[in-house]
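Before any comments, here is the structure.
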Amino acid sequence: MTERQIRLFGDPVLRSVCDPITPGDARARGLVDDLVETVAVPGRAGLAANQIGVGLRAFSYNVDDEIGYVINPVLAEVSGEPELVDEGCLSVPGFYFPRLRYPFARVTGIDLDGNPVEISGEGLLGQALQHETDHLDGHLFIEGLEPDVKREAMRAIRSASWY
Ligand code: ZN
């Protein structure tokens with residue numbers, strides 16, 4: 001297992017739509033190991049495969065001391081009234097911006113053995129499930145900001161030391 005370097009905003013891999021993982025794909029176990037190891041760093045809530053440079057559909061999460069992963073995740077359900085929540089991203093380090101998220105989300109997918117898995121939750125977990133499935137479709141959370149917030153966010157990001 002390796003803690004992998006996180007790709008930052010501006011890296012084209014973050015804009016790529018990730019490919020489904022075929023059950024039995026030899027790359028899957030190493031990818032999952034790295035996703036789990038890399039998200040386990042304190043302060044991290046979720047990590048999509050393309051954030052570590054791999055264009056395959058898998059993400060890991062680390063919420064309320066529970067670390068897990070899902071392969072080929074599908075956002076199967078969201079519910080409740082969308083609420084403005086502060087959101088950040090490991091690929092946009094140092095910034096949090098308010099955006100709308102559903103308070104509840106449920107994701108379905110498979111584990112390394114090909115068995116169906118389901119993860120659901122409210123609050124930070126629900127938010128992370130929405131955020132990470134967006135990543136795998138090549139979307140960053142900034143795209144969902146209100147236009148004026150987005151303008152301000154882009155200005156701030158462009159002046160960040162890492163950009
Ligand atoms: Zn992110």
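Some notes on this structure:
- For the range 94-163, the convex hull drawn through the C-alpha positions has a volume of 109 cubic angstrom per residue.
- The range 86-163 - percent relative contact order, Cα under 8 Å, separation 6 or more: 27 percent
- Computed P(r) (all Cα pairs; the chain; 10 Å bins; percent): 11, 41, 37, 10, 1
- Working note: Karplus 6.51/-1.76/1.60 with θ = phi - 60° gives the range 7-23 the couplings 6, 9, 2, x, 6, x, 5, 6, 9, 7, 7, 6, 8, x, 9, 6, x Hz, where Gly and Pro are set to x.
- Apportionment of accessible area to carbon and sulfur, the range 12-158, percent (1.4 Å): 50 percent
- Inter-part distance where the range 85-148 and the range 1-48 are each reduced to a Cα centre, Å: 14 Å
- Relative contact order of the chain, defined on C-alpha pairs under 8 angstrom at six or more residues apart (%): 23 percent
- Accessible area (Å², per residue) of the chain, counting only protein heavy atoms and a probe of 1.4 Å: 50 Å²
- Acute angle (nearest 10 degrees) that the helix 123-136 long axis makes with the longest principal axis of the chain, alpha-carbon atoms: 80 degrees
- Rg/Rh for the range 47-118, where both radii come from Cα atoms and Rh is the Kirkwood radius: 0.99
- Potential extension, residue 150-residue 108 segment - 0.36 nm per residue separation minus Cα distance: 12.1 nm
The values are calculated or read from the model by the stated rules, or taken from the named source; none is laboratory data. Only a predicted model underlies this, so the values are computations on that prediction, with no experimental measurement involved. Please note that ligands, DNA and RNA were not included when accessible areas were found on the heavy atoms of the full protein model with its side chains. Shrake-Rupley method; radii C 1.70, N 1.55, O 1.52, S 1.80 Å.
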